[in-house]
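K.L.:
What follows is a structure written as structure tokens; I'll ask about it next.
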Amino acid sequence: MSNARPGRRLRLRKYELQNVNYQWLGAYRLRIEAERESTSDPPMEEYVFMYRRDPVNPYTNTYVDTFFAVASPADMSEYPVGSPSPSSRFPFFRLNYVELDLRTLGEVEEVWNTIVHDVDNLLKGLDKMDNLVPTMDIVVGN
């Protein structure tokens with residue numbers, strides 16, 4: 001009998017356009033939201049999408065936040081949720097959604113599949129990091 005826990009889980013919800021008029025639409029919007037899954041053991045934080053805060057747009061006087069990637073296990077502990085840390089040299093932060101405008105339906109499916117794969121890799125990586133085994137045992141000092 002195994003004592004292994006079930007592992008981390010997230011729900012990814014895909015939003016896309018329906019009833020598209022292909023003769024005039026030049027972009028396809030895809031939104032993916034990550035939500036906590038009650039069966040996740042241990043609980044998994046839903047803020048898995050990395051963003052970079054770019055300089056203020058001189059025309060609108062607002063920041064531009066650009067989706068960068070699905071977070072890595074190290075990103076999950078290093079970067080804050082919602083906005084970048086003012087003390088960080090790197091203006092990255094995490095959100096629980098990504099919204100992209102793409103040129104073709106093929107790109108929409110490709111991005112969806114890539115993000116699902118990358119989130120799955122993140123969860124598996126975090127699960128693996130829970131399984132530390134002793135590799136050295138030394139006594140130091142007099």
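K.L.:
For the stretch 94-104, does any single residue satisfy the condition of being over 29 Å from residue 132 (Cα atoms) and acidic (Asp, Glu)?
P.N.:
So the first thing to find is which residues in the stretch 94-104 are over 29 Å from residue 132 (Cα atoms), and the list is 97-104.
Checking which are acidic (Asp, Glu) leaves us with 99, 101.
Yes: the stretch 94-104 contains one or more residues that are over 29 Å from residue 132 (Cα atoms) and acidic (Asp, Glu).
K.L.:
Still on this structure, I have one more. Out of the residues in the stretch 9-29 that are modelled with pLDDT under 95 and touching a helix residue (DSSP H, G or I) at 6+ places or on another chain (Cβ under 7 Å), which is nearest to residue 97 (Cα to Cα)? Give the steps one after another, and end with the answer.
P.N.:
First, pick out the residues of the stretch 9-29 that are modelled with pLDDT under 95: 16-29.
With the extra rule that they be touching a helix residue (DSSP H, G or I) at 6+ places or on another chain (Cβ under 7 Å), the set shrinks to 16, 28.
Numbers: 16: 13, 28: 17 Å.
Restricting to residues being modelled with pLDDT under 95 and touching a helix residue (DSSP H, G or I) at 6+ places or on another chain (Cβ under 7 Å), the top hit is 16.
K.L.:
Filter the stretch 73-109 down to the residues that are of a type in the set (Val, Ile, Thr) and surrounded by fewer than 16 Cβ atoms within 10 Å (Cβ to Cβ), then identify the one that is farthest from residue 56 (Cα to Cα). Even if it seems obvious, please write down each step before you answer.
P.N.:
Restricting attention to the stretch 73-109, the residues satisfying the condition of being of a type in the set (Val, Ile, Thr) are 81, 98, 104, 108.
If we keep only those that are surrounded by fewer than 16 Cβ atoms within 10 Å (Cβ to Cβ) as well, we get 81, 104.
Values: 81: 20, 104: 30 Å.
The extreme case among them is 104.
K.L.:
May I pose another question? Do we have residue 66 as assigned to a strand (DSSP E or B) and without any contact (Cβ under 8 Å) to a residue 60 or more places away in the chain here? Walk me through it before giving the result.
P.N.:
Working: assigned to a strand (DSSP E or B): yes; without any contact (Cβ under 8 Å) to a residue 60 or more places away in the chain: yes.
Yes; evaluated as a whole, the condition is true for this residue.
K.L.:
OK, next. Residue by residue through the stretch 73-104, note down the ones that are modelled with pLDDT of 95 or more and touching a Gly at 6+ places or on another chain (Cβ under 9 Å).
P.N.:
Residues satisfying the conditions are 73, 93, 94, 95.
K.L.:
Going residue by residue through the stretch 125-135, is there one that turns out to be out of contact with any Ser or Thr (no Cβ under 7 Å at 6 or more places or on another chain), aliphatic (A, V, I, L, M), in a loop (DSSP other than H, G, I, E, B) and farther than 19 Å from residue 43 by Cβ?
P.N.:
Start the filter on the stretch 125-135 by keeping residues that are out of contact with any Ser or Thr (no Cβ under 7 Å at 6 or more places or on another chain), which leaves 125-135.
Among the residues that remain, those that are also aliphatic (A, V, I, L, M) are: 126, 129, 132-133.
Next, only the ones that are in a loop (DSSP other than H, G, I, E, B) stay: 132-133.
Restricting the remaining residues to those that are farther than 19 Å from residue 43 by Cβ gives 132-133.
Yes, the stretch 125-135 contains at least one residue that is out of contact with any Ser or Thr (no Cβ under 7 Å at 6 or more places or on another chain), aliphatic (A, V, I, L, M), in a loop (DSSP other than H, G, I, E, B) and farther than 19 Å from residue 43 by Cβ.
K.L.:
Say we look at the stretch 48-62 and pick out the residues that are surrounded by 14 or more Cβ atoms within 10 Å (Cβ to Cβ) and more than 10 Å from residue 94 (Cβ to Cβ); which of these is farthest from the chain's Cα centre (by Cα)? Working first, answer last.
P.N.:
Here is the first cut: in the stretch 48-62, the residues surrounded by 14 or more Cβ atoms within 10 Å (Cβ to Cβ) are 48-53.
From what's left, more than 10 Å from residue 94 (Cβ to Cβ): 52-53.
Values: 52: 12, 53: 15 Å.
Ranking the candidates gives 53 first.
The values are calculated or read from the model by the stated rules, or taken from the named source; none is laboratory data. Keep in mind it's a predicted model, so treat the numbers as computed, not measured. Cβ coordinates were reconstructed from backbone atoms using ideal geometry, including for glycine residues, and neighbour counts include every protein chain displayed.
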